[in-house]
Amino acid sequence: MAEKSDFAAVQTDLGSPRADEAGAPVVSAIIPCLNEERTLGICIRKALDVFAKRGVTGEVVVGDNGSSDRSVEIAEALGARVVHQRVKGYGAAISAAAESARGKYLIMADADDSYDWSELGHFIDALEDGADLVMGNRFAGGIEPGAMPPLHRYLGNPVLSMIARWLHHSSVHDFHCGMRGFTRDAFRKIGARSPGMEFASEMVINAHRAGLVIREVPIKLHRDKRDRPPHLRSFRDGWRHLRLIVAHAPDTMYLIPGVTLLVPGIVGLAILAAGPVRIGGWYFGIHFVALSAMATLIGLSAILFGMLAKVAIAIYQPVHGGRLVPRLMRGRPLEWLLFSGGVLAVAGFAADVLLALRWIFVGGPMEQSVHLTFVITTACVAGMSMVLSGFVLKLLLDNLDDRHAFQSSDCLPSGNSSR
């Protein structure tokens with residue numbers, strides 16, 4: 001965890017010169033590198049050739065992640081600028097290079113020559129045509145035999161991309177393609193911070209959340225020319241992608257299912273609180289009370305967790321769309337949850353005590369009040385969940401408010417900073 005926080009701490013606000021300033025390049029080629037001496041030079045030369053053929057001013061920035069071979073020496077000899085990133089990981093290396101890049105357009109791809117840097121022009125054209133993020137699509141452009149393991153080609157990439165498209169309402173078909181281009185402003189708005197391979201998924205998810213224009217261009221994937229195993233670990237990195245994709249979809253994973261369960265759960269409890277009923281010849285008894293209680297509690301928990309997740313995402317997402325978080329910041333969610341949850345919990349506990357006293361002093365069969373007991377217990381648990389989650393929500397909202405205040409003060413002219 002310390003490694004990830006260190007990575008977040010070194011991220012900047014991309015304050016280097018804009019591409020339209022004198023001497024600044026138009027395009028920056030971003031290459032993450034960890035012991036790629038065999039192929040790095042090939043990639044750099046291809047990028048420089050594209051710059052020369054198109055007549056654009058470009059630079060190559062290598063994000064070195066602690067290479068122990070001749071990679072740094074080769075890069076510098078070919079005129080590339082090397083940025084050293086001490087935090088390990090694909091995303092960390094990409095971010096370090098991108099933050100140091102000075103171009104208007106930033107285009108990234110691996111250093112193993114599996115992505116053809118000669119195709120750089122397709123990304124430049126799409127960016128000049130108004131796209132904020134341009135994704136390569138290997139499945140549309142073709143995959144050379146042996147370039148992608150069958151597990152990745154037929155299961156891993158298609159399944160993860162399908163899940164991501166569903167959860168995030170995305171039209172991107174190749175979510176994990178490593179060759180992509182973006183503007184400097186788009187990279188700031190995306191604000192991806194994952195240090196590992198899941199950085200690729202986070203970029204696309206955050207770009208959708210920020211409302212950026214995303215396009216795909218077909219590219220061909222070639223066999224890499226490395227003489228060592230790839231850095232990618234199928235199951236470890238696949239799980240990292242999946243958990244990030246799921247965690248960043250609070251609407252689809254939490255809020256919508258929560259409402260879908262909560263409403264019928266409450267209706268079921270209200271109908272069955274007094275005892276079994278028959279509707280259209282169907283008998284609804286204690287089992288349906290239990291199902292209603294379960295739906296109510298799971299639905300409420302999902303909604304509460306969804307709110308917490310949306311605020312947590314907004315804390316570090318530079319550009320965050322949606323209406324829920326601004327409403328929570330303007331309102332008084334702690335007081336509302338504390339009051340309504342407290343009323344539910346207190347009323348439930350009081351009703352439970354009255355039932356217990358009745359059983360003790362009045363007697364009678366307890367089975368007659370089983371339905372009502374389920375309803376009361378559900379109210380108690382729901383009320384306490386609302387109260388406790390309200391305090392956690394308040395902590396997150398305070399954190400978000402402090403972050404916004406810091407960003408606002410950081411943007412003030414230096415003459416006002418002491419006031």
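The values are calculated or read from the model by the stated rules, or taken from the named source; none is laboratory data. Note that this is a predicted model, so its numbers are computed, not measured. So basically every Cβ, Gly included, is an ideal-geometry build from the backbone, and we count neighbours across all protein chains shown. Each accessible area value is taken on the protein alone, full model and side chains, heavy atoms only, with ligands, DNA and RNA left out. Shrake-Rupley method; radii C 1.70, N 1.55, O 1.52, S 1.80 Å.
Key figures for this structure:
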quantity: Unit Cα scatterers, Debye sum, the stretch 286-342: log10 I(q)/I(0) for q = 0.13, 0.17, 0.29 Å⁻¹; calculated: -0.47, -0.70, -1.17
quantity: Percent RCO, i.e. relative contact order, over the chain, from Cα pairs under 8 Å lying at least 6 residues apart; calculated: 14
quantity: Within straight-line cross-link reach of LYS53, lysines at Cα separation under 19 Å, skipping those fewer than 8 residues along the same chain; calculated: LYS104
quantity: Surface accessible to a 1.4 Å probe, TYR105 within the full protein complex, Å²; calculated: 20
quantity: Overall dimensions of the stretch 57-192 as given by Cα atoms, namely Rg and Dmax in Å; calculated: 15.7, 46
quantity: Spatially proximal lysines relative to LYS46 (Cα-Cα < 16 Å; intrachain offsets below 8 disregarded); calculated: LYS220, LYS225
quantity: Lysines with Cα under 30 Å of LYS394, excluding same-chain neighbours fewer than 8 positions away; calculated: LYS4, LYS189, LYS310
quantity: Shape category assigned to the stretch 38-110 from the gyration tensor of Cα positions, a/c cut at 1.5; calculated: oblate
quantity: In degrees, nearest ten, helix 199-209 long axis to first principal axis of the chain (Cα); calculated: 70
quantity: Protection-proxy order for peptides 71-81, 129-139, each taking the mean of Cβ atoms within 10 Å per residue, highest first; calculated: 129-139, 71-81
quantity: Debye, to nearest 20: dipole size of the stretch 118-221, +1 on Lys, Arg Cβ, -1 on Asp, Glu Cβ; calculated: 300
quantity: 5 Å binning of all Cα-Cα separations within the stretch 172-247, expressed as whole percents from 0 upward; calculated: 3, 12, 24, 22, 19, 13, 5, 1, 0
quantity: Antiparallel content of DSSP bridges confined to the chain, in %, to 5; calculated: 35
quantity: C-alpha long axis of helix 256-272 to longest principal axis of the chain, angle in °; calculated: 10
quantity: Solvent-accessible area, 1.4 Å probe, carbon plus sulfur percent, for the chain; calculated: 62
quantity: Solvent-accessible area per residue, Å², over the stretch 78-211 with all protein chains present [probe radius 1.4 Å]; calculated: 33
quantity: Which of VAL289, ILE30, GLY178, positive extreme of dipole for the chain (C-beta unit charges); calculated: VAL289
quantity: Net charge over other residues, Cβ less than 13 angstrom from the Cβ of GLY322 (K, R count +1; D, E count -1); calculated: +3
quantity: Under-5 Å amide H pairs with VAL82, H placed in peptide plane, nonlocal only; calculated: VAL62
quantity: Dipole magnitude of the stretch 171-287 about its Cα centre (Cβ charges: Lys, Arg +1; Asp, Glu -1), debye to nearest 20; calculated: 500
quantity: Cα centre as origin, Lys/Arg/Asp/Glu Cβ charges: the chain dipole, Debye; calculated: 680
quantity: Amide hydrogen neighbours beyond the local backbone of ARG70, cut-off 5 Å, H modeled; calculated: GLU37
quantity: Angle in degrees between helix 90-100 and the longest Cα principal axis of the chain, rounded to the nearest 10; calculated: 60
quantity: For VAL277, distant residues with modelled amide H under 5 Å away; calculated: PHE284
quantity: Percent of Cα pairs exceeding the 41 Å cut-off, where the set is the chain; calculated: 33
quantity: Packing rank of 27-33, 255-261, where each peptide gets the mean count of other beta carbons within 10 Å, highest leading; calculated: 27-33, 255-261
